[in-house]
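What follows draws every value from the coordinates through simple rules; no lab data is involved. Bear in mind the structure is a predicted one, so any value in this text is a computation, not a measurement. We place every Cβ from the backbone using ideal geometry, glycine too, and count neighbours over all the protein chains shown.
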């Protein structure tokens, strides 16, 4: 079953939840771009720790929710870091400092540092992404993209509708598997399930397009039911986030 872990009301009413969606999105993007300027392990881990602390305290997100949502990506970070450390190009350099050997493979200081740095960046990406998702309402984000970033209504609300349709795909898949079981067929994975799921997805998309056209999306100026405005929280969060990023990058150097 495909499911979304939606933020709770207490998380959306927290100071971090009331922060502008575009502000949080901009801070996340700037942080991730800043991490590309260093291969050190400390800046990504410092930003990941600061993000988790902020989400747990200012964002009122349970620590169990944060860790549970980020755990799959952290497992991926571990495997990516390990394989990049083992198969790094620096390991074949005769002048590199050898740390250990795994059979015929050399582990050098530069290779291990590169693998750990890459894995740490994935840890930071997971932490930032989970904190953003658990303190941001998807509908408010779409409203902010339209009203503040001036994106077309069709694009922003179409993306929102696609995001909200993910659980429906899970329900359709469950229905198709139950239908196969009733007919006496195996309910395990089968190519015909994917074909049926594709047909249902196209039908849902067609109905959604007709519904959006009927409501006049993209036909001209529209009134707004939810008005998104910049607040003093945005003015405070931006310099704090930039200062934190510059601080961890400076300490790493």
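The table for this structure:
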{"read-out": "Computed label-point distance, nm, for sites residue 194 and residue 33 using a 7 Å Cα→Cβ extension", "value": "3.7"}
{"read-out": "Cα-only Debye scattering, segment 153-214: base-10 log of I(q)/I(0) at q = 0.14, 0.26 Å⁻¹", "value": "-0.48, -1.06"}
{"read-out": "Principal axis dimensions, segment 116-253 - Cα atoms, whole angstrom, descending", "value": "64, 50, 18"}
{"read-out": "The chain: angle of helix 109-134 to the longest principal axis, Cα-based, in degrees nearest 10", "value": "30"}
{"read-out": "Rounded to 10°, Cα long-axis angle of helix 166-182 versus longest principal axis of the chain", "value": "70"}
{"read-out": "Calculated [θ] (222 nm, deg cm²/dmol) that DSSP helices of n ≥ 4 give over the chain, each run adding -39,500 (n - 2.57)", "value": "-22500 deg cm²/dmol"}
{"read-out": "Label-point gap, in nm, between residue 25 and residue 253 - each point 7 angstrom along Cα→Cβ", "value": "3.1"}
{"read-out": "Chain lengthening between residue 58 and residue 105 when straightened (0.36 nm per residue, less Cα-Cα)", "value": "12.3 nm"}
{"read-out": "Estimated inter-spin distance, residue 138 and residue 93, nm [label 7 Å along Cα→Cβ]", "value": "4.5"}
{"read-out": "In degrees, nearest ten, helix 63-86 long axis to first principal axis of the chain (Cα)", "value": "50"}
{"read-out": "Mean projected area (nm²) of the alpha-carbon convex hull when the chain is viewed from all directions", "value": "19.3"}
{"read-out": "Relative exposure of 230, 74, 31, judged by other C-beta atoms within 10 Å (fewest first)", "value": "230, 74, 31"}
{"read-out": "Footprinting exposure proxy for 102, 195, 128, 27 (fewest neighbouring C-beta atoms within 10 Å first)", "value": "102, 195, 27, 128"}
{"read-out": "Nearest-0.05 FRET efficiency for residue 86 and residue 226, computed from C-beta distance (R0 41 Å)", "value": "0.20"}
{"read-out": "Sites residue 79 and residue 210, calculated FRET efficiency, Cβ-Cβ separation with R0 35 Å, nearest 0.05", "value": "0.20"}
{"read-out": "Gain on full stretching of the segment that runs from residue 185 to residue 163 - 0.36 nm per residue minus C-alpha separation", "value": "4.8 nm"}
